[in-house]
Amino acid sequence: MSDYKLYIGSHVSMNSPEFYLGSVKEALSYDENTFMFYTGAPQNSYRKPLSELKIQEGRELIKQSGIDESKLIVHAPYIINGANKSREDLFDLSVKIISSEVARTAGFGAKTIVLHPGAHVSQGFEAGIASLAECLDAVLSNDKSDVKIALETMAGKGTEIGITFEQIRAIIDQCHYPERLGVCLDTCHISDAGYDIHDVDGILKEFDRVIGLDKLLVVHINDSKNPRGAHKDRHENIGYGFIGFDTIKKWVWHPLLDGIPKILETPYFNEKPPYKQEIKMLRDGHYIEGWRDKEF
């Protein structure tokens, strides 16, 4: 598939002293041509001003390296939960944080931010979906950027929403700005949610019927530590989980996913990032048995 546009990368860090420039360097060290990053710590809302993050230096290196900046992905912090309106103060905080993150995404020159839909916290799925749609309306009604929010498919832990394509569709339908919304499909999450991850054609056909493939903005490429339907969301290194290399390879190279960024979020092994080796195997289409035990 020589004409297939494979954009593949991983989650990378952003730490002092090089910040965004360091993120770009890390991605390049793994031979990536896209990557995903947080604009600050994922566990809190503290954020350094964009002016301190060496964004221009990072963008210059991106340009020099031939990376398509439009394929870069930001991930929103985990503390957001726009799906729960039982506490108005926390709902308002989610609106504020998402609004800030969308603006910061634009400040990096990126076009897509991934957002976990959140949890309804005993309010029920319908209430959670309505709450998130209201939250997104509040964010997008005041945002003038062209950044799109990619709602991530979830594994179904606790009271998470977004565990079926129909729930994602309902969120999009209830939002007044559907053109600003898309989807991030996570291979581990949909398998843990109960989808037959090995039936790639069938899943993509179902996705297209319910949501539309034009809404698919990014794919998270992860193996799973748990069998189908476990609802646990525990990522595994490529080839070491219940999904397996052959199925992951089908997701990476599927013709309907041509040009869509593929991002690995697999765990470190022996305190080392596995991304360079995983990406090489997926690019080559050849699995190396026991690769984690070899030097890489």
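The values are calculated or read from the model by the stated rules, or taken from the named source; none is laboratory data. Only a predicted model underlies this, so the values are computations on that prediction, with no experimental measurement involved. Here the Cβ is made from the backbone with ideal geometry for all residues, glycine too, and neighbour counts use every protein chain on show. Accessible surface areas use protein heavy atoms only, side chains included; no ligands, DNA or RNA. Shrake-Rupley method; radii C 1.70, N 1.55, O 1.52, S 1.80 Å.
The rule of thumb for compact globular proteins, 2.2 N^0.38 Å, goes into the C-alpha radius of gyration of the stretch 193-296 1.09 times. Is the shape of the chain best called rounded, prolate or oblate, per the rule: a/c under 1.5 gives rounded, else a/b larger than b/c gives prolate, else oblate, with a ≥ b ≥ c the square roots of the Cα gyration tensor eigenvalues? It comes out oblate by the Cα gyration axes.
Roughly how far apart, in whole Å, are the Cα centres of the stretch 76-134 and the stretch 18-38? About 26 Å separates the Cα centre of the stretch 76-134 from the one of the stretch 18-38.
Taking all protein chains as shown and a probe of 1.4 angstrom, C175 keeps an accessible surface of around 10 Å².
Starting from the Cα gyration tensor of the stretch 231-291, take the square roots of the eigenvalues, sort them a ≥ b ≥ c, and report rounded, prolate or oblate (rounded when a/c is under 1.5, otherwise prolate if a/b is larger than b/c, else oblate). In terms of gyration-tensor shape, prolate. Compared with the alpha-carbon gap, the fully stretched path from E206 to K157 is longer by 15.4 nm at 0.36 nm per residue.
Cα gyration tensor of the stretch 72-205, axes a ≥ b ≥ c as square roots of the eigenvalues: rounded (a/c below 1.5), prolate (a/b > b/c) or oblate? Oblate is the answer for the stretch 72-205, as a/c is 1.5 or above yet b/c matches or exceeds a/b. Heavy-atom accessible area for H120, with the other protein chains in place and a 1.4 Å probe, reaches approximately 20 Å². Would you give the gap between the C-alpha center of the stretch 221-291 and the C-alpha center of the stretch 157-191, rounded to a whole Å? Their Cα centres are 22 Å away from one another. Sorting the segments 54-64, 222-232, 86-96 by their mean number of nearby beta carbons within 10 angstrom, highest to lowest, gives 222-232, 54-64, 86-96. Restriction of the trypsin sites (Lys or Arg not before Pro) in the stretch 104-201 to DSSP coil positions whose beta-carbon has at most 13 other beta-carbons within 10 angstrom yields K144.
Ordering G107, L264, C175 by Cα displacement along the dipole of the chain toward the positive end leaves G107 in first place; charges were set at the Cβ atoms of Lys, Arg (+1) and Asp, Glu (-1).
For the stretch 225-296, applying the loop criterion from DSSP together with a ceiling of 16 other beta carbons within 10 Å to the GluC sites (Glu not before Pro) yields E265, E271, E289, E295. Spin-label model, Y287/S122: points 7 Å from Cα along the beta carbon direction are separated by 4.4 nm. Compactness of the stretch 1-84, taken as the C-alpha radius of gyration over 2.2 N^0.38 Å, stands at 1.19.
Normalising the average separation of contacting C-alpha pairs (under 8 angstrom, six or more residues apart) by the number of residues puts the relative contact order of the stretch 212-265 at 44 percent. Three semi-axes describe the equivalent ellipsoid of the stretch 114-179; taken as square roots of 5 times the Cα gyration tensor eigenvalues and ordered largest first, they are 20, 12, 10 Å. Surface composition of the chain: carbon plus sulfur atoms contribute 50% of the solvent-accessible area (1.4 Å probe, protein chains only, all chains present). Both radii are taken from the alpha-carbon atoms of the stretch 70-147; with Rh as the Kirkwood radius, Rg/Rh is 0.99. When only the Cβ of Lys, Arg, Asp and Glu is charged (+1, +1, -1, -1), the dipole of the chain relative to its Cα centre reaches about 400 debye. A simple rule links phi to the HN-Hα coupling: the Karplus curve 6.51 cos²θ - 1.76 cosθ + 1.60 with θ = phi - 60°, which for the stretch 228-235 gives 3, x, 6, 6, 10, 6, 10, 6 Hz, with x for Gly and Pro.
Placing unit charges on the Cβ atoms of the charged side chains and taking the dipole of the chain about its Cα centre, the candidate lying farthest along the positive direction among P227, N81, I98 is I98.
About the centre of its Cα atoms, the stretch 148-239 shows a dipole size close to 200 debye [charges on the beta carbon of Lys, Arg (+1) and Asp, Glu (-1) only; nearest 20 debye].
Net charge of the neighbourhood of S141, taken over other residues with C-beta under 14 Å away and scored Lys/Arg +1, Asp/Glu -1, is -1.
Taking every alpha-carbon pair under 8 Å whose residues sit at least 6 apart, the stretch 234-285 reaches a relative contact order of 39 percent.
Do you know the relative contact order of the chain, to the nearest whole percent, from alpha carbon pairs under 8 angstrom that are 6+ apart? Relative contact order here is 17 percent. Summarised as an ellipsoid, the stretch 179-223 has semi-axes of 18, 13, 8 Å, derived from the eigenvalues of the Cα gyration tensor scaled by 5 and square-rooted, with the largest first. Each Lys or Arg adds one and each Asp or Glu subtracts one; over the other residues with Cβ under 15 Å from the Cβ of G22, this totals -2.
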